[in-house]
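Chemist: One structure, pasted below without further comment.
The values are calculated or read from the model by the stated rules, or taken from the named source; none is laboratory data. The model shown is predicted, which means the values in this text are computed figures rather than measured ones. Cβ placement follows ideal geometry from the backbone for every residue including glycine, while neighbour counts extend to all protein chains displayed.
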Amino acid sequence: MLSVKKDENFNLKATLECGQVFRYKINGGRYTVFSKDKMMVIEENESSYTLVEGEEAFFLKYFDFDRNYDIICSNIADDFVSDAMRFSRGIRLLNQDPAEMVFSFIISQNNHIPRIKAIIERLCDALGEDKGGYKAFPTVEALASKDADFYHKAGLGYRAEYIASAARSLCGEDFNKLSGMNTPELRNYLMLLKGVGRKVADCILLFGFSRREVFPVDTWIMKVFSDIYGNISADKLACLLSERYGEKSGYIQQWLFYKKRETEKRFG
DNA sequence: GACCAGGGCGGCC
DNA sequence: GGCCGCCATGGT
């Protein structure tokens, strides 16, 4: 049975709660994580995490274990960034399913994380394949089989037609081909989908296509940088930060996002 | 009962 | 290109 060290490079709870993933359950020291049609059950011990259910190779790829986080976390230029890094140390960027990210982050727009999770769970229950004990994330084909009215009744509000439209657009699309596109090309392609703007596209690129040079700018990141850069548009800020932080952009974005939300949760 | 949320769209200039 | 009002819904 696979075990990994519980150290400064892996904090499972923070990794799951930092807003990059919507399908997981935490019961004390027992974590259940869902991705595409897979399920992983992980138990936390005093010094390690043990994968008690699920595929080992999938687990290692999903939790980004082919990357060296000592290097990623070293030589951080800005003080407020290294502060956030220390606060968030142990967060790993997950390698998630591209299609699942497309629909999850369309749902995420102008929405609270608890509600995003509830909506996604409802969609899985209604349209996901029964895997015996749990439901898979719905396939693009399954999502394309329903119309906007169905999603409206599922409580998606004005995002109902976005989901229906995106599903129809992506039906039959070759995601391996998409993975071969460079980041600007792929961003342009994603932004052709209804309901996908710069920010949602960047989340899909970062979490679904492992483009670590991308720096998604949402309302929380805007709060972090508004006093530094003043009155700047989210899109401009995203370009600027991606250029400044390069391949560390995704990690830095996650540290800042997590710290901002956690501290505001406590005091605000 | 406001206010806000991992924003995007359409209309306007 | 940039700005602005609106969009459903429900958690806090």
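Chemist: Looking only at helices (runs of 4 or more DSSP H) that fall completely inside region A:60-119, which ones have 1 or more residues that are out of contact with any strand residue (DSSP E or B) (no Cβ under 7 Å at 6 or more places or on another chain) and surrounded by 22 or more Cβ atoms within 10 Å (Cβ to Cβ)? Spell out how you get there, then give the answer.
Modeler: On the way: elements: A:69-72, A:79-88, A:98-108.
Qualifying helices (runs of 4 or more DSSP H): A:79-88, A:98-108.
Chemist: Residues of region A:214-238 being without any contact (Cβ under 8 Å) to a residue 24 or more places away in the chain and not hydrophobic (A, V, I, L, M, F, W, C), which ones?
Modeler: Going residue by residue through region A:214-238, those that are without any contact (Cβ under 8 Å) to a residue 24 or more places away in the chain are A:219, A:222, A:225-233, A:236-237.
The answer is A:THR219, A:SER226, A:ASP227, A:TYR229, A:GLY230, A:ASN231, A:SER233, A:LYS236.
Chemist: Here is a follow-up. Being on the phi > 0 side of the Ramachandran plot and in contact with a helix residue (DSSP H, G or I) (Cβ under 6 Å, 6 or more places away or on another chain) is the filter here; which residues of region A:79-137 pass it? I'd like the intermediate steps shown before the answer.
Modeler: Taking region A:79-137 as the starting set, the residues that turn out to be on the phi > 0 side of the Ramachandran plot are A:90, A:110, A:132-133.
Scanning region A:79-137 gives a single hit, A:GLY90.
Chemist: Right, another one. Just wondering, is there one or more residues in region A:172-182 that are in contact with a Phe, Trp or Tyr (Cβ under 9 Å, 6 or more places away or on another chain), among the basic types (Lys, Arg) and either assigned to a loop (DSSP other than H, G, I, E, B) or without any contact (Cβ under 8 Å) to a residue 60 or more places away in the chain (or both)?
Modeler: Checked against the condition, which is being in contact with a Phe, Trp or Tyr (Cβ under 9 Å, 6 or more places away or on another chain), among the basic types (Lys, Arg) and either assigned to a loop (DSSP other than H, G, I, E, B) or without any contact (Cβ under 8 Å) to a residue 60 or more places away in the chain (or both), region A:172-182 yields no hits at all.
Chemist: Take A:ILE26 and decide whether it is touching a helix residue (DSSP H, G or I) at 6+ places or on another chain (Cβ under 9 Å) and within 16 Å of DNA strand C (Cβ to nearest atom).
Modeler: Values: touching a helix residue (DSSP H, G or I) at 6+ places or on another chain (Cβ under 9 Å): yes; within 16 Å of DNA strand C (Cβ to nearest atom): yes.
Criteria met by A:ILE26.
Chemist: Next question, about the same structure. Kindly provide the set of residues from region A:231-268 that are under 18 Å from A:ARG198 (Cα atoms), surrounded by fewer than 17 Cβ atoms within 10 Å (Cβ to Cβ) and either assigned by TED's automatic domain parsing to the domain that holds A:THR15 or hydroxyl-bearing (Ser, Thr, Tyr) (or both), ordered by number.
Modeler: A:SER233 - this is the single residue of region A:231-268 that is under 18 Å from A:ARG198 (Cα atoms), surrounded by fewer than 17 Cβ atoms within 10 Å (Cβ to Cβ) and either assigned by TED's automatic domain parsing to the domain that holds A:THR15 or hydroxyl-bearing (Ser, Thr, Tyr) (or both).
Chemist: Any idea which residue in region A:8-44 is surrounded by the fewest Cβ atoms within 10 Å (Cβ to Cβ), counting only those that are free of Cβ contacts under 8 Å to residues at least 24 places away in the same chain and assigned to a loop (DSSP other than H, G, I, E, B)?
Modeler: Restricting to residues being free of Cβ contacts under 8 Å to residues at least 24 places away in the same chain and assigned to a loop (DSSP other than H, G, I, E, B), the top hit is A:GLY28.
Chemist: Is it true that some residue in region A:128-138 is part of a helix (DSSP H, G or I) and of a type outside the set (Gly, Ala, Ser)? Let's see the steps before the verdict.
Modeler: Of the residues in region A:128-138, the ones part of a helix (DSSP H, G or I) are none.
No, because not a single residue in region A:128-138 is part of a helix (DSSP H, G or I) and of a type outside the set (Gly, Ala, Ser).
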